[in-house]
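The values are calculated or read from the model by the stated rules, or taken from the named source; none is laboratory data. Since we're looking at a predicted model, the values are computed, not measured. All Cβ positions, glycine included, derive from the backbone under ideal geometry; neighbour counts span all protein chains shown. Please note that ligands, DNA and RNA were not included when accessible areas were found on the heavy atoms of the full protein model with its side chains. Shrake-Rupley method; radii C 1.70, N 1.55, O 1.52, S 1.80 Å.
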Amino acid sequence: MVDEQILNLRRQRETERRTGLLRPLDESRGGLRITVTSGKGGVGKSNFALNTAIAMAGFGKKVLLVDADTNLANLDLLLGIAPKYNLADVVTGNKTMKEIVFPGPGGIDILPGASGDIFMLGLDEQVENRLLDSFTELEEDHDVIIIDTGAGLSRQIISYAVSADDVVIVTSQEPTSRADAYAMIKIISQHRPTLPIHLLVNMVRSADQAMDVYDGLNLVVQTFLKFSVKYLGYIPFDPNVMASVATQKPLMIEHPRSSAAVAIRMTAHKLLRGINAPPSEEKESLLSRMFNARERDVGR
Ligand SMILES: Nc1ncnc2c1ncn2[C@@H]1O[C@H](COP(=O)(O)OP(=O)(O)OP(=O)(O)O)[C@@H](O)[C@H]1O
Ligand SMILES: [Mg+2]
C-alpha cells in the first residue's frame, strides 16, 4: 500500500515535471492568443474555453473569450445568454467590436462570432481595415484572447488556429476523437510548423490514462509528421461539468473545487506562463494573420 502511494506520488511528480506545473506563475506574458479546437465535436472545447477564461480572470488577467463556432450557438447555450449583436454587425458597419463585446461571468469579456465564413469572404479593403483597427484595439485591452471554435477541418477553423500564438487541441480517449485530433494536428502543423500545439485530454479516469493518450498520439505525430505535440494536461470525467451545462452556470463559479475545475485551473496557469511558447516572432494582430491566412488559402 505504502509502495503504491510512493509510486503514485512519483507519477504525480513526473507528470508535474513533464507538464511544467512546478514552475511559479511569474513569467506570464501578455497578449496571448489561444485557439481551442478539436477534430471531433462534443469533446469539451466550449466548457474548457469558458472555464479557462474564468480561471485566467481569477489569476488577474483581462480575458476576452471569442465565440467563433459558426454552426451552433455555443457559449450562448452554456451561459443562457442570447447576444443581440455579433461580428456580422461589425462587418456591416452597424456596430464596432467594442460595442458587441459583453461582460460574461467571472469578469471575462465575450465577443460573439457570426455565422458564416466572414473572414473567408472577400471583404473590401475598407471593411478589412476597419475590422483590423477595431480588433487591434480590443487585443490591446486584453491580456489573453481565447477563441472557442467548432470542430473539424473547415478552412475557417484552420485559419483561426494558424493565426493564434498557441493552439489547444481537445481530445477524449476515444479512438475516433484521437484519429480526428491527429488529422487536425497534421493540417495545422503543415500550415505553420512553428506554432505550438498543445494536447488537452478530456473526460479521462486518471492522469495515467491521459498520459497514455498523449504518448500514443504524439508517437504517431512524431513518426509520420516529424512534429511534436505538447502535453497541456487533462480534465477528469466529472459529473459537475454536465450539471453546470444543465444549469447554464459555469463550472468554475458553481463548482470551483470540483476535480474538473481544479484541473482547468492548473492548465490555465500553465498556459499563462506560456512555458512552451516561442519568443513572440511576429507580433502581428490576430485578425491580420487571419486575413493573410485567407490569402494563403488555408485549408485547401
Ligand atoms: N470533463 C468532463 N466531464 C464530464 N462531462 C464532460 C466533460 N467535458 C465535457 N463534458 C460533456 O460534454 C458535453 C460537450 O461539451 P462541450 O459543449 O464543451 O463540447 P464541444 O467540444 O464544445 O462541442 P462542439 O464540438 O459541439 O462545439 C458537455 O455538455 C458535457 O456534458
Ligand atoms: Mg463548442
*Identify, please: which residue in the stretch 256-270 is part of a helix (DSSP H, G or I) and farther than 20 Å from K62 by Cβ and is, among those, most open to solvent (accessible area, probe 1.4 Å)?*
M266
*What's the number of the condition E295 fails, among (1) more than 30 Å from L79 (Cβ to Cβ); (2) modelled with pLDDT of 95 or more; (3) charged (D, E, K, R)?*
(2)
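Within the stretch 149-156, is there a residue that is open to solvent by less than 10 Å² (accessible area, probe 1.4 Å) and within 30 Å of G107 (Cα to Cα)?
Going residue by residue through the stretch 149-156, those that are open to solvent by less than 10 Å² (accessible area, probe 1.4 Å) are 149-150.
From what's left, within 30 Å of G107 (Cα to Cα): 149-150.
Yes - at least one qualifying residue is present in the stretch 149-156.
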*Only residues that are away from ligand 2 (no atom under 16 Å from the Cβ) and within 14 Å of the chain's Cα centre (by Cα): list them for the stretch 128-182, please.*
V144, I145, I158, S159, V162, S163, A164, D165, D166
*Answer residue from the stretch 95-122, given it is open to solvent by less than 40 Å² (accessible area, probe 1.4 Å) and β-branched (V, I, T) and is modelled with the lowest pLDDT among those*: I118
*Give the residue, chosen from Q190, Q126, Q209, that is over 17 Å from M97 (Cβ atoms), more than 16 Å from ligand 1 (Cβ to nearest atom), open to solvent by 30 Å² or more (accessible area, probe 1.4 Å) and not basic (K, R).*
Q190
*Being more than 8 Å from ligand 1 (Cβ to nearest atom) and open to solvent by less than 10 Å² (accessible area, probe 1.4 Å) is the filter here, so list the residues in the stretch 37-48 that pass it.*
T37
_Being at pLDDT 90 or above, part of a helix (DSSP H, G or I), in contact with a Lys or Arg (Cβ under 9 Å, 6 or more places away or on another chain) and surrounded by 15 or more Cβ atoms within 10 Å (Cβ to Cβ): is that true of V241 here?_
no
*Tell me, yes or no, whether the stretch 159-175 has at least one residue that is open to solvent by 50 Å² or more (accessible area, probe 1.4 Å), in contact (Cβ under 8 Å) with a residue 12 or more places away in the chain, more than 21 Å from T267 (Cα to Cα) and in a helix (DSSP H, G or I).*
no
*Residues of the stretch 203-244 classified as out of contact with any Gly (no Cβ under 9 Å at 6 or more places or on another chain), touching a residue at least 40 places away in the same chain (Cβ under 8 Å) and on the phi > 0 side of the Ramachandran plot, total*: 1
